[in-house]
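This report refers to the structure that appears directly beneath it.
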Amino acid sequence: MTPHPTQLNTDRSVGVAAQPRIIAGVICVGLLADQEIDFWGQTLTNLAVWALFLYWLRRANAMTQVALAACVIYATLGEIFLSLVWGVYDYRLGAVPLFVPAGHALLFMLGGILAARSREWVVWLTPVAAAPFIGLLLVSGAGTLDALLFAMFLVCLWLGRARKLYAVMFVLSLMMELYGTWLGNWTWSAAVPWTRLTTVNPPLAAGAFYCVLDMLVVATVSKWRFAKSSTRNRRSLPDVRQLFPAWRLAARLWGRSARTAAGI
């Protein structure tokens, strides 16, 4: 059975049960160090996050390597646009920290592990639980962006292939957003640039951005698997003569008869 794109296979020497704790620990301690240690905090966090990412990337299977690499690329582009171009949120020192793209990949790994352990009811319970709070933000006018992001999240659940992953990531990313904004690592703008939309810090439905990122990763992995399968099938196509040995024998007999009739 072919594994699903979200069933990541990283380092077998590290128990699957330990990986979530390691990822959560690195993210929590890294964000705290980035905020509290004035000069070396961000550098230490950069080194720790990238070291863990590269360690698991090197020991992962091919499908997982494609997923993690795609996640880093998409996350980098998304961070540049959302933070530096659009200005929806700002990081403490202005620029996007180097640990952020790899951190997104680690969070994607964590979401994949937790999604594999989750029941199907998480797919409907997550939007049902979030809907009243989204409605309050919309009615009060404090979070009109949240309503738009929540609609985006519902589209991901409707159209996406990995619905449990998106539901888990919606909750998981909100927890990280609450922690990061509480520490002051980044801050969301109350008035969304280029629009008349408003939001709180952080947006309750910020996880929709993470869901779109995960959809792109899953789509990329699926496309890679299809291309790999197509290439393998083309290489494994047998020769027509091997498929139809009777044709080969008939061709030999016909050639021999033709030569006899011609007196050759």
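Computed from the coordinates by the stated procedures, all read-outs in this text should not be read as laboratory data. A quick note: this is a predicted structure, and the numbers were derived from the prediction, not measured. Neighbour counts run over all protein chains shown; Cβ positions are idealised from the backbone, glycine included.
Within the option set Leu114, Leu107, being within 21 Å of the chain's Cα centre (by Cα), closer than 19 Å to Ile27 by Cβ, surrounded by 21 or more Cβ atoms within 10 Å (Cβ to Cβ) and not β-branched (Val, Ile, Thr) holds for one residue only, Leu107. Among all positions in region 215-224, there is no residue which is surrounded by 14 or more Cβ atoms within 10 Å (Cβ to Cβ) and charged (D, E, K, R). Residue count for region 119-154, restricted to those that are of a type in the set (Val, Ile, Thr) and touching a strand residue (DSSP E or B) at 6+ places or on another chain (Cβ under 7 Å): 1. Note on region 24-83: residues that are in contact (Cβ under 8 Å) with a residue 24 or more places away in the chain and touching a Gly at 6+ places or on another chain (Cβ under 7 Å) amount to 7. Restricting region 84-101 to residues that are free of Cβ contacts under 8 Å to residues at least 60 places away in the same chain and over 19 Å from Val218 (Cβ atoms), the residue that is surrounded by the fewest Cβ atoms within 10 Å (Cβ to Cβ) is Gly94. The residues in region 78-114 that are under 21 Å from Leu52 (Cα atoms) and in a helix (DSSP H, G or I) can be counted, and the count is 17.
Screening Leu178, Leu174, Leu125 for residues that are farther than 19 Å from Leu107 by Cα and in a helix (DSSP H, G or I) leaves exactly one candidate, Leu125.
Entry remark, region 51-83: residues being touching a Phe, Trp or Tyr at 6+ places or on another chain (Cβ under 9 Å), over 16 Å from Ala95 (Cβ atoms) and either surrounded by fewer than 19 Cβ atoms within 10 Å (Cβ to Cβ) or among the small types (Gly, Ala, Ser) (or both) number 3 in total. Scanning region 153-187 for residues that are within 18 Å of Val96 (Cα to Cα) and in contact (Cβ under 8 Å) with a residue 60 or more places away in the chain yields Ser173, Met176, Tyr179, Gly180, Leu183, Gly184, Asn185, Trp186, Thr187.
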